[in-house]
């Protein structure tokens with residue numbers, strides 16, 4: 001029995017020594033060589049993404065929102081007698097306004113009804 005106990009103890013101590021050797025080798029590889037600068041903090045990797053987001057916001061998103069607000073204000077301020085330009089390129093005079101439609105006069109006898117969203121600009125009379 002003492003021989004079996006000695007063999008089991010030897011196996012256990014060898015496996016512990018091997019595990020310690022593997023751990024020591026792995027930790028030695030993970031350490032940077034002396035004289036090399038330390039790695040930057042993990043949050044520094046996100047700085048470029050944050051900068052890209054701000055660039056997109058100020059160059060694309062914000063101007064688009066501003067233009068949308070201006071268009072909505074222009075459509076809300078639409079009144080009879082305004083000369084407007086439609087998305088189709090037609091110049092017309094507003095003769096009537098409903099909730100979401102506008103009655104436009106294109107010529108002497110030509111009147112059409114279109115969506116307010118089709119009006120792109122109010123043209124100043126010359």
**Request:** Taking the options 101, 120, 110, name whichever one is free of Cβ contacts under 8 Å to residues at least 60 places away in the same chain and farther than 21 Å from residue 68 by Cα.
**Result:** 110
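Table: residues versus (1) under 32 Å from the mean Cα position of the chain (by Cα); (2) surrounded by fewer than 16 Cβ atoms within 10 Å (Cβ to Cβ).
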position	(1), (2)
85	no, yes
91	no, yes
95	no, yes
101	no, yes
104	no, no
113	no, yes
117	yes, yes
124	no, yes
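Throughout, read-outs are computed from the coordinates displayed, never taken from laboratory work. Only a predicted model underlies this, so the values are computations on that prediction, with no experimental measurement involved. All Cβ positions, even for glycine, are placed from backbone atoms using ideal geometry, and neighbour counts span all protein chains on display.
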